[in-house]
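First the structure, in the form of structure tokens, and then the observations on it.
The values are calculated or read from the model by the stated rules, or taken from the named source; none is laboratory data. The structure presented is a predicted model; accordingly, all values stated were derived computationally and were not measured. Cβ coordinates were reconstructed from backbone atoms using ideal geometry, including for glycine residues, and neighbour counts include every protein chain displayed. Note: areas computed on protein heavy atoms with side chains; ligands, DNA, RNA excluded. Shrake-Rupley method; radii C 1.70, N 1.55, O 1.52, S 1.80 Å.
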Amino acid sequence: MQSFLITDPPSLSDATILGGVPGATFIAGGTDVMQLLKNNVIAPRQLIDLDKLNLSNITNDHGELRLGALATMADVAAHPVIRADWPAISQALLLSASPQVRNMGTMGGNLLQRTRCLYFRDNGFACNKRAPGSGCPAIAGDSRDLAIFGTSSHCIATHPSDLPVALMAFNAEVELQAPGGATRRLPLSKLYRLPGTTPHIETNLQPGELITAVILAAQGVSRRSTYLKVRDRTSFAFALVSAAVALDIEDGTIRDARVALGGVGTMPWRAPLVEIALRGQTPNDQVFETAALKIAAGAETTQMNAFKIRLAQRIIVRALQTVSA
Amino acid sequence: MYVGQGVDRIDGKAKITGGAKYAAEFDLPGTAHAVLVQSTISAGKITGFDLVLAEAMPGILAIITTDNAEKLGNLKAAPQKVTYPLLQDSNIKFNGQHIAVVVADTFERATAAAAAVRVNYRATRAVNTMDQAISQSVTPKEFSNGRAKPDSQVGDAAPLLPAGTLRVEQTYTTPIEHHNPMEPHATIANWSGGQLTVWTATQGISGAQKALSSLFGLEPKSVTVICPYVGGGFGSKGNTWPPAVLAAMAARRVNRPVKLVVTREQMFTSNGYRPRTVQRVKLAASPDGKLLSVRHDVKTQTSMPEVGEFAEPSALITRMLYEAPSIGTSHRLVQVNHGLPTYMRGPGESSGAFAIESAMDEMAAALKMDPIAFRLKNYAENDPTARLPFASKALRECYAQGATAFGWEKRNPIPRSMRDGHLLVGMGMATSSYPTNRMPASASIRLTADGSALVRSGTQDIGTGTYTTLAQVAADELGLPLRKVRTQLGDSRLPSAPVSGGSMTSASVVPAVQAAAQGMKSQLFALAINHGGPQWRGISPETLALSESAVIGPTDRLSIAQIFARAKIAQLNATAGAHPDSDAQKYSKHAFGAQFAEVRVDPDLGIVRVSRWVGAFDCGRILNAKTARSQLIGGIIYGMGMALFEETRVDPNSGRITNANISDYLVAVNADVPDIETIVVDSVDPISNPLGTKGIGELPMVGAAPAIANAVYHATGIRVRDLPIRIENLLV
Ligand SMILES: Cc1cc2nc3c(=O)[nH]c(=O)nc-3n(C[C@H](O)[C@H](O)[C@H](O)COP(=O)(O)OP(=O)(O)OC[C@H]3O[C@@H](n4cnc5c(N)ncnc54)[C@H](O)[C@@H]3O)c2cc1C
């Protein structure tokens, strides 16, 4: 670990300005940053601790749910409104990590945690994300955990977080503040970038730009939602494949359907073709199975991770069965 | 009697309150910190180090590399043959090989400088995985510590088999697995006037003393090894691995105490592992279920010869498990550019049982026979390969009691026939066996006037409960309350004892404690007779007994305090050794067991969860019901990990381990483990050792993985022959 300076600015404007200095990195709960530092995956010269910023509120008014960027995973998961109206979000969080990590991990940090690709996290390997242009040994190597959607010949690293999978299904937005005070909103789907030829550039954030909140517009479909996560052991593991699924069913017809997948994409992955195949249909197993088949389009697999297509389809069907029951 | 009772660990409180000191926790003034640097290529040569950056960093005391490391004595003569890499040459034989040691005044500074060491290599072609060289196998040079031969054959190697013979011929594989004990390998080394003292995490202080003294050209008594507590070893701390030696080398270089704690990542290339196995099993049976021939041919990976050799003896279990007119086994090695493999819980038996017990299940299915009935039909009354009687064997009772407790009779033999809602239910079983080992050991007892005893032996408690069981034995032998007995272990200046491996600590050390207690008794009786006054004179010692801190004579009792006062002594000492009985060589000595697993499989998602477990064991006399149960459930859980989670993954193009951390190397967590019922069947082995114990450290792991694989087959109809069983194997 390279030595670094750590500061805890008292205000958002200070934080963004400091964060915009080259070599600076924000630290919230620190559950990911600390690991990356210790493994010499990142070597920031300055850490900007967000602890003093007042960003941990969870509010629900004017039809908008606002999760402060520093709200912890544990607090959001336990919030009564989220448990009642956004079950997929609460479940995604409760199926993440461990209670200790959830007590520290924050909304902003979870959206931006780095990939768990084993090659990215070990300096002993080349990695286009960590050391641009050095190559990607993962594609021809141990690729079981890696992505099948949104990949490029430069990088197939999976986005590891559970929460944004659920958020993606609900068209969440992130609220951002840039150095100088300018704020903007960005759909979560626009926060992330596909690897392409620049896998080291993962988001569309400007230097120093800070996530201040996650915004969710009230929507009928969210109440009937679930998050299903399949992993190698029962607890304390990242998703092999997961799905956030929501259905709005009226008079026996699916009016709205949302399907997003985790563990398969280089970013949290929405499955619009599946949603289209569901809308207007009667909820039954055959409809679910036919719709789930649509995810295969566009998948690029290796020998080791090809099973994820079938697994994802099964998970979608199971989750749809759960929410339509 | 304390022996047999579920007495609480006497070291329990110290452990949970932080009072128990582990190797890395000793505080020596002026301690410097050493951090290992490891290679990032698998084969080749170091062409040069660039230390400019690292040497300029604050607090650096020394950077020891292959260029400037002290030359050690005759490596070939070193007792444990684990002498690579010790920075003696610039060759690279595996990815993650130690190539330098950075020593600094703080751990953080040493860590930072270690990351700043630049290395230039000339890489050569490497064998990165076993499968890349599977066709080029060699015969082990030294097999099973010389106790067995790599190949065996009983009866005709290629018997003529009648028409109608059923055959099973399959290949089973087990992956590289790492022990991952909670406590990492750690050593503090300190030189003083040519004497070396090390505090090191080891399963064998006596072996560490021999290995270190040999490498540094010292008399054994010039090396003191201290290890009061071990946070798990599972075989990885059986040998004295290079980091301990490098710590001593670094301490000599900087002339102050040096602490070297291996990081979790480095533990994947520093202290051995269970090698990958590729096992071919051929069974032939008559239609009525009699085995006609058994063949078990094992290939396992080892390192390049310069690093050393280790053969996982997976087929040893097949030599003694079932009766058949023809039983043949072989072991071959595939040399890979990886570190040296080593013993890991049930070395050989755990991996081998997966192959033979899966094949037995496949044959039972082919015969349409109940798996237990098939095993009983081929029950070995004597060891079929050694052609010796078993010292004791209560495996029938294990099958019977295990099956009853488990409800085996409710098993519908047809695969995929049992359900719980949408989940498939499977029931599987497998046999377990592990040899009963024993080695010479010694112990001493000191008794003081207040009636308290101190039991001492140069063994070590690797978490199994040795502190407690030795105190129980001594308290019983000397008629003392348990609270008056203390145990001191883990110091090479104490009477010597063997490595805590091979499930033999109790069998080896307890007889020594008993012998020392006998010696103590004789002295006490003699003192009572000589100093007890007129009514004691002329009494034969045989008529005396020790009870409630007193010598009990025919008419009178004398407390220990009284005896000491009258004899005007402050303490009594007795030291004794105990050796395996040569008569025991006339027997085949094993513990046995029957494992019963119930699994629930989600047929759509491929998720396997173990839902119930019964393990019934013939493991001889139990010294402590509580610590014994901990061993049994611990072994079973280790077996669950082996069946479903554990695998060290290797990048096929570089030979570098990809999941060298415990976030990605998965072991079972609590949520994976159901209630486990353990049964100890009534059996005492009077032959293997005077106590009648059989060893319980490894036995409960053996057979656990095949029981799960067999249950998964029963649940799904899918036979998985490659561990671990993964979701993708069951997604049909
Ligand atoms: C053992 C373990 C198991 C885990 N298992 C799971 C799991 O199953 N599922 C899962 O989803 N996650 C899992 N995680 C990851 C965990 O959820 C994340 O580490 C956590 O959410 C990160 O939050 P944090 O606040 O600690 O982020 P930090 O580590 O502080 O920061 C992470 C990143 O976000 C940036 N950042 C933080 N806040 C902001 C902000 N407001 N604006 C801009 N940038 C910001 C930081 O600069 C950094 O790049 C696991 C972690 C561990 C250690």
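Before moving on, here are some points about what is shown:
- Within the listed set A:169, A:291, A:243, the residue fluctuating most in the Gaussian network model of chain A (springs between alpha-carbon atoms under 10 angstrom) is A:291.
- With the convex hull drawn over the C-alpha atoms of the range B:1-73, the volume per residue is 286 Å³.
- Shielding value for B:651-664 is 6, the average number of Cβ atoms from other chains within 10 Å of each residue's Cβ.
- Net charge over other residues, Cβ less than 13 angstrom from the Cβ of residue B:564 (K, R count +1; D, E count -1): +2
- Kirkwood Rh (inverse of mean 1/r, distinct Cα pairs), the range B:136-182, angstrom: 15.7 Å
- Beta bridge orientation in the range B:448-598: antiparallel %, DSSP, nearest 5: 60 percent
- Look at where the Cα atoms of the range B:468-535 and of the range A:5-19 average out, and the two centres are 66 Å apart.
- Peptides ranked, highest mean first, by Cβ atoms within 10 Å: ranges B:171-183, B:534-546: B:171-183, B:534-546
- Averaging the Cα positions of each part gives two centres, and for the range A:34-112 and the range B:207-232 these lie 50 Å apart.
- Model label sites at residue B:586 and residue A:51, defined 7 Å from Cα along the beta-carbon direction, differ in position by 7.4 nm.
- DSSP-defined antiparallel bridges as percent of all bridges, chain A, nearest 5: 85 percent
- Going from the chain on its own to the full set of protein chains, the range B:94-120 has these residues losing 20 Å² or more of accessible surface (heavy atoms, 1.4 Å probe, no ligands, DNA or RNA): B:112, B:115.
- The range B:638-652 - phi-based ³J(HN,Hα) in whole Hz, Karplus 6.51/-1.76/1.60, Gly and Pro as x: 4, x, 5, x, 4, 6, 10, 10, 6, 6, 8, 9, 10, 5, x
- The range A:43-157 - charge dipole about Cα centre, Lys and Arg +1 at Cβ, Asp and Glu -1, debye rounded to 20: 360 debye
- Spin-label pair residue B:77/residue B:28, simplified geometry with 7 Å Cα→Cβ offset, distance in nm: 2.5 nm
- Evaluated at q = 0.11, 0.20 Å⁻¹: base-10 log I(q)/I(0), Debye formula over Cα of the range A:1-95: -0.43, -0.97
- Packing-based order for B:699-708, B:645-654, using average beta carbon neighbours within 10 Å, highest first: B:699-708, B:645-654
- Scaling against 2.2 N^0.38 Å puts the C-alpha radius of gyration of the protein assembly as shown at 1.02.
- Here the translational diffusion coefficient of the range B:83-158 follows from Stokes-Einstein with Rh set to the Kirkwood radius across Cα pairs; for 4 °C and 1.567 mPa s it amounts to 75 µm²/s.
- Share of pairwise Cα separations in the range B:175-306, more than 23 Å, in percent: 46 percent
- Radius 11 Å from Cβ of residue A:114, net charge of other residues (Lys, Arg +1; Asp, Glu -1): +2
- Cross-link table B:484/B:626; A:129/A:190; B:45/B:141; B:377/B:626; B:521/B:589, entries beyond 28 Å C-alpha to C-alpha: B:377/B:626; B:521/B:589
- The magnitude of the dipole of the range A:253-325, with charges of +1 and -1 set on the Cβ of Lys/Arg and Asp/Glu and taken from the Cα centre, is near 80 debye.
- Each residue of the range B:263-268 is assigned a 3J(HN,Hα), and the resulting list reads 6, 4, 4, 5, 4, 7 Hz, derived from the Karplus form 6.51 cos²θ - 1.76 cosθ + 1.60 (θ = phi - 60°), x at Gly and Pro.
- Close amide H pairs (under 5 Å, H built 1.01 Å from N) link residue A:203 with A:193, residues at least 5 positions away or on another chain.
- Average beta carbon contacts from partner chains per residue of A:121-129, 10 Å cutoff: 4
- Over the range B:322-384, the Kirkwood radius and the radius of gyration, each from Cα atoms, give a ratio Rg/Rh of 1.08.
- Test item: A:231-240 mean partner chain Cβ contacts at 10 Å: 6
- Ranked packing of B:354-365, A:245-256, most packed first, by mean Cβ within 10 Å: B:354-365, A:245-256
- Computed across chain B, the Kirkwood hydrodynamic radius from all distinct Cα-Cα pairs reaches 27.2 Å.
- Calculated diffusion of the range A:55-115, Stokes-Einstein form, Kirkwood radius summed over Cα pairs, 4 °C and 1.567 mPa s, µm²/s: 111 µm²/s
- Over all orientations, chain A has a Cα convex hull whose mean projected area works out to 15.9 square nanometres.
- Extension gain, residue B:569 back to residue B:8 (0.36 nm per residue minus Cα-Cα distance, nm): 198.7 nm
- Each 5 Å bin from zero holds the following percent of Cα-Cα pairs in the range B:66-120: 4, 17, 21, 22, 19, 11, 6, 0.
- Using the Cβ-Cβ distance between residue B:288 and residue B:381 with R0 set to 22 Å, the FRET efficiency from 1/(1 + (r/R0)^6) comes to roughly 0.75.
- Per-selection Kirkwood Rh - the range B:275-347 (Cα, Å, 1 d.p.): 13.5 Å
- Full-extension gain in nm, residue B:388 to residue B:124, via 0.36 nm per residue minus C-alpha separation: 90.0 nm
- Net +/- balance of residues flanking residue A:219 in space, Cβ distance below 15 Å, scoring K and R +1, D and E -1: 0
- Summarising the strand pairing of the protein assembly as shown, around 80 percent of its internal DSSP beta bridges are antiparallel.
- From largest to smallest, the equivalent ellipsoid semi-axes obtained for the range B:423-547 from the alpha-carbon gyration tensor read 37, 17, 14 Å.
- Volume per residue of the C-alpha convex hull in the range A:175-311, rounded to whole Å³: 154 Å³
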